[in-house]
Amino acid sequence: MKVEQLTCSIGAELVGVNLSDAARDESLFLEIKAQLLKHKVLFLRNQNMTRAEHVQFAERFGSLEDHPVAGSHPDHPGLVQIYKSPEHPMDRYENSWHTDATWREKPPMGCVLRCVECPPVGGDTMWANMALAYAKLPDAIKEQIADLRARHSIEASFGAAMPIEKRLGLHAQFPDAEHPVVRTHPETGEKVLFVNGFTTHFTNFHTPDRVRFGQDFTQGAASLLQYLIGQAAIPEYQVRWRWQPGSVAIWDNRSTQHYAVMDYPPCHRKMERAGIMGDTPF
């Protein structure tokens, strides 16, 4: 297996490896996992594996989870079908920096995404290293956010365009989750900036040492949150991947954000993603 680093900050392409083999070979899988912890997102070309092999490989990391809005393959629970088509333009709603499913109490630890069909040009995906984003923050900001916690919502994101009854039902099924603004990676020990497009507000900002008057809370907290969310958009923290049928991306959801670029004309873009269950951020 050859490892080709793609940027100075994040991402590597694995060459000469077949994930179908890694699904059955413990030593090969552990080698891939070590590279994932190091580079945070891995890319492979020409992975002509079956859906069953896709699931089998992803399950080496842990149990898979379904998505309450995006549909899973009927024969492979946990294999989410992210299918975009020119017939349903609203389905192309995807272009936002985010960490997958932080509205869960236990967000996914990672994902394995395979391209089935993609536009001839466009439709790339970008990832950002949020451990590096935290490390590069000014010390004063690190001190300010050290004890902050924030709320993450599926209702305010996936549910926003739903009729009110359906949206409230989604909220009842998945109440907003609260997570630390800075989480610790459970395997590497890195500090990670852990706010994204699902984050709505801080839950413990309004304290005497932070707030003098109402404006400090309403504008100060909002401005700080937007500043932190905006760190993912810094190019020096990013890698960009151009898809081809059979390409695969494996990412550590605990230390990254990603963005599906919606720059392609009306056409089909079919991706299948296995999301791996994670733990409670701390």
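The values are calculated or read from the model by the stated rules, or taken from the named source; none is laboratory data. What you are looking at is a predicted structure, and each value in this text was computed from that prediction instead of being measured. Note: ideal-geometry Cβ built from the backbone for every residue, glycine included; neighbour counts use all protein chains shown.
Do the conditions hold for Met277, that is, is it farther than 16 Å from Asp100 by Cβ and aliphatic (A, V, I, L, M)?
So Met277 does not fit the description; no.
Only one of these conditions is not met by Gln81: (1) at pLDDT below 95; (2) on the phi > 0 side of the Ramachandran plot. Which number is it?
Going through the list (1) at pLDDT below 95; (2) on the phi > 0 side of the Ramachandran plot, Gln81 breaks only (2).
Could you check the stretch 122-142 and list, in sequence order, the residues that are within 21 Å of Lys84 (Cβ to Cβ), at pLDDT 95 or above and part of a loop (DSSP other than H, G, I, E, B)?
Asp124
Between Lys84, Lys38, Lys33, which is under 18 Å from the mean Cα position of the chain (by Cα), surrounded by 15 or more Cβ atoms within 10 Å (Cβ to Cβ) and of a type in the set (D, E, K, R)?
That would be Lys33, the only listed residue that is under 18 Å from the mean Cα position of the chain (by Cα), surrounded by 15 or more Cβ atoms within 10 Å (Cβ to Cβ) and of a type in the set (D, E, K, R).
Among (1) touching a Ser or Thr at 6+ places or on another chain (Cβ under 8 Å); (2) within 30 Å of Ile229 (Cβ to Cβ); (3) buried (at least 17 other Cβ atoms within 10 Å of the Cβ), there is one condition His67 misses while meeting the rest; what is its number?
Exception for His67: condition (1).
Could you tell me which numbered condition Ala222 fails, if it satisfies all but one of (1) of a type outside the set (D, E, K, R); (2) modelled with pLDDT under 95; (3) assigned to a loop (DSSP other than H, G, I, E, B); (4) closer than 24 Å to Trp97 by Cβ?
Failed condition: (3).
Residues of the stretch 181-203 being in contact with a helix residue (DSSP H, G or I) (Cβ under 8 Å, 6 or more places away or on another chain) and either in contact (Cβ under 8 Å) with a residue 60 or more places away in the chain or among the hydroxyl-bearing types (Ser, Thr, Tyr) (or both), which ones?
Those that are in contact with a helix residue (DSSP H, G or I) (Cβ under 8 Å, 6 or more places away or on another chain) and either in contact (Cβ under 8 Å) with a residue 60 or more places away in the chain or among the hydroxyl-bearing types (Ser, Thr, Tyr) (or both): His185, Glu187, Thr188, Glu190, Lys191, Val192, Leu193, Phe194, Asn196, Gly197, Thr199.
Results for (1) charged (D, E, K, R); (2) part of a loop (DSSP other than H, G, I, E, B), shown as yes or no for each residue.
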position: Ala150; (1), (2): no, no
position: Ile154; (1), (2): no, yes
position: Gly159; (1), (2): no, yes
position: Lys166; (1), (2): yes, no
position: His179; (1), (2): no, no
position: Thr188; (1), (2): no, yes
position: Asn196; (1), (2): no, yes
position: His201; (1), (2): no, no
position: His206; (1), (2): no, yes
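Filter the stretch 236-250 for residues that are touching a helix residue (DSSP H, G or I) at 6+ places or on another chain (Cβ under 8 Å) and within 24 Å of Gly62 (Cβ to Cβ); which is surrounded by the most Cβ atoms within 10 Å (Cβ to Cβ)?
Restricting to residues being touching a helix residue (DSSP H, G or I) at 6+ places or on another chain (Cβ under 8 Å) and within 24 Å of Gly62 (Cβ to Cβ), the top hit is Ile250.
For the stretch 151-207, enumerate the residues that are surrounded by 14 or more Cβ atoms within 10 Å (Cβ to Cβ) and polar (S, T, N, Q).
Scanning the stretch 151-207 gives Ser153, Ser157, Thr184, Thr188, Asn196, Thr199, Thr200, Thr203.
Name every residue in the stretch 258-282 that is in contact with a helix residue (DSSP H, G or I) (Cβ under 7 Å, 6 or more places away or on another chain) and surrounded by 20 or more Cβ atoms within 10 Å (Cβ to Cβ), in order of residue number.
Glu272, Ala274, Ile276
If a residue must be touching a residue at least 12 places away in the same chain (Cβ under 8 Å) and not in a strand (DSSP E or B), how many such residues does the stretch 9-23 contain?
10
Just checking, how many residues over the stretch 247-282 are of a type in the set (Gly, Ala, Ser), closer than 24 Å to Gly230 by Cβ and assigned to a loop (DSSP other than H, G, I, E, B)?
So the count comes out to 1.
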